[in-house]
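Data first, discussion second: the structure below is written as structure tokens.
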Amino acid sequence: MPDPASTGAPPRSGGPPLAAAPDLLSSLAPLLADWLPGRRWFAGHGRLITGFTLLSATELLPGAAAGGPPGLLHLLVRVEQATAPAAGAPPGGDCYQLLLGVGRELPPRLAPALIGRPAGGPLRGHAVHDALLDGRLCGLLLERLRLPGRTGALDFHREAGAEIPPRLPGRPLAAEQSHTSLVYGETLILKVFRQVTPGLNPDLELPRALAGAGCPRVPAPVAWFEARPPEHGAEPTTLGVLQPYLPGCADGWQLALAALAGRADFTAPARALGRATAEVHTALARALPTAALRRPQLESIVAGMRARLESTARAVPGLRPYRAGLRTAFDALAAAGRNGGSWAAQRIHGDLHLGQTLRPARGPGRWSLIDFEGEPARPLAERRRPQPPVRDVAAMLRSFDYAARSGPSGGDAWSLEWARRTREAYCRGYAEGGGPDPCAAPELMRAYETDKAVYEVLYEARHRPDWLPVPMAAVRRLADGG
């Protein structure tokens, strides 16, 4: 595939290359200010957008003449907002990756993808739309990954020997998350990150390390693309990762809800999932550096947990009556550190829950783990830091509780007993799979489960208020020492 930016392919007729137009961003700014707040992946909900900074612009396909197919424009844009960002957010605002289709006309089937029509500037009179909802432009992105190299500010890479068939049809998955996933011919899946942070994303780093360690539980990356850093020697910014697609699989959340709907036991799948989690943790500990958590590190962890509790209580008044009880979990972990307690730390998944697991219809014991990005709201440096594996375990235990309280029975006595037995089976499988017995570290487990419940309270209050009773039930239990 020709490289328009490097081979001199003709730009839009009648002007300089679109990416070099000085008024490109100013012409798009009013449209983006209206469009971005409606995206689930936009991190600045509730804060007024005050401006934009263009970090890079690359034409992956120059715009065509009237009546022709759309062009493809890649932007990295920093969004400035009026009020203070969350703790740990990058200075100056969050950065977003935008892939924009540009054409004179927009087919009716792409009407939901329309961002708008600029009133002036180099795109005046053009329809600008979200290219990740356009199958043709998604196919162009895959073709660019087939042929590694450089286009403008972007670098495209492919693993040695990896096969990427040509001309695979592409489609976006319906679920909108902190990223957009594109499936190509039921063979490959490309995760395109919407909010990006300078540096190597764990969702590329960890699956590559696991592939090198011979762990079959995680699909190995096939290709990826990234933005070159402006500073010499700095890490590039990971923008997207291409991996094998696992057709015919159901995620653990769907399977758990189906079991609850049918009043079916889920302990055997949970036990197998525990073993799979332990295998992934063991492989990560072999492949990447580990550390020890002693008193100084534990005090730092506890300080972060306490700070998150206080900030969440300020944002969600319903949490305030439980602060004292929840703090006891953090105090117990700090006391364990003062008394000489220590635990191993390593790279972990960082946002493990049932929706991040897949199981095929055949071979029900063969769980796979996906989406190693970690919690996108946390700073990248924190997500790449070694942490105790029990943090992943605690997060999965919270997920079983979520399923029991969200299923058709709505958290009745049978569902809560289902959750208890399933949680126990998962921990038993984890120990059988070579991981340390999670029940042998009660202070660590309770502290991380409490911290996760606090995170869930803030998330649900901001994004899904109807779901807030689910983590609040856990808050009441944990505040009572449960």
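The values are calculated or read from the model by the stated rules, or taken from the named source; none is laboratory data. Just so it is clear, the model here is predicted, and its values are computed rather than measured. Using ideal geometry, Cβ is built from the backbone for each residue, glycine included, and neighbour counts are taken over all protein chains shown. We work out accessible area using only protein heavy atoms, side chains counted, and drop any ligands, DNA or RNA first. Shrake-Rupley method; radii C 1.70, N 1.55, O 1.52, S 1.80 Å.
Among the residues of segment 395-411, is any under 19 Å from CYS215 (Cα atoms) and touching a strand residue (DSSP E or B) at 6+ places or on another chain (Cβ under 9 Å)? So far as segment 395-411 goes, no, none of its residues is under 19 Å from CYS215 (Cα atoms) and touching a strand residue (DSSP E or B) at 6+ places or on another chain (Cβ under 9 Å). The number of residues in segment 258-271 that are outside any helix (DSSP H, G or I) and surrounded by fewer than 22 Cβ atoms within 10 Å (Cβ to Cβ) comes to 4. For segment 272-285, filtered to residues that are in contact with a Cys (Cβ under 9 Å, 6 or more places away or on another chain) and open to solvent by 30 Å² or more (accessible area, probe 1.4 Å), the residue that is farthest from ARG420 (Cα to Cα) is THR282.
Listed here are the residues, each with its yes/no results for (1) part of a strand (DSSP E or B); (2) open to solvent by 50 Å² or more (accessible area, probe 1.4 Å); (3) out of contact with any Leu (no Cβ under 7 Å at 6 or more places or on another chain).
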position	(1), (2), (3)
PHE225	yes, no, no
GLY233	no, yes, yes
VAL241	yes, no, no
TRP253	no, yes, no
ALA256	no, no, no
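Write out, first by first residue and then by second, each pair whose Cβ atoms fall under 6 Å of each other, whose residues are 6+ apart or on separate chains, and whose first residue, in segment 286-307, is within 11 Å of PRO388 (Cα to Cα) while the second is part of a helix (DSSP H, G or I). Partner pairs satisfying both residue conditions: LEU298/GLY337. Number of residues in segment 447-482 that are of a type outside the set (D, E, K, R), open to solvent by 10 Å² or more (accessible area, probe 1.4 Å), over 26 Å from ARG295 (Cβ atoms) and in a helix (DSSP H, G or I) equals 10.
So which residues in segment 367-420 are over 20 Å from THR238 (Cα atoms) and either β-branched (Val, Ile, Thr) or without any contact (Cβ under 8 Å) to a residue 24 or more places away in the chain (or both), if there are any at all? Of everything in segment 367-420, those that are over 20 Å from THR238 (Cα atoms) and either β-branched (Val, Ile, Thr) or without any contact (Cβ under 8 Å) to a residue 24 or more places away in the chain (or both) turn out to be VAL390, VAL393, GLY410, ASP412, ALA413, LEU416, GLU417, ALA419, ARG420. Screening the candidates SER6, SER13 for the property of being within 24 Å of LEU141 (Cα to Cα), in contact with a Lys or Arg (Cβ under 8 Å, 6 or more places away or on another chain), modelled with pLDDT under 60 and surrounded by fewer than 13 Cβ atoms within 10 Å (Cβ to Cβ) yields one hit, SER6.
The listed residues are PHE266, PHE225, and the only one of them that is among the aromatic types (Phe, Trp, Tyr) and within 25 Å of PRO360 (Cβ to Cβ) turns out to be PHE266. Pairs meeting the criteria (first residue in segment 204-217 and of a type in the set (Lys, Arg), second residue in a loop (DSSP other than H, G, I, E, B) and modelled with pLDDT of 95 or more, beta carbons under 6 Å, at least 6 apart or on different chains) are ARG208/PRO221. ARG271 fulfils the conditions (1) in contact with a strand residue (DSSP E or B) (Cβ under 7 Å, 6 or more places away or on another chain); (2) under 22 Å from CYS427 (Cα atoms) except for a single criterion, (1). Every condition in (1) of a type in the set (Phe, Trp, Tyr); (2) open to solvent by 20 Å² or more (accessible area, probe 1.4 Å); (3) touching a Lys or Arg at 6+ places or on another chain (Cβ under 6 Å) is met by TYR245 except one, and the failing one is (3).
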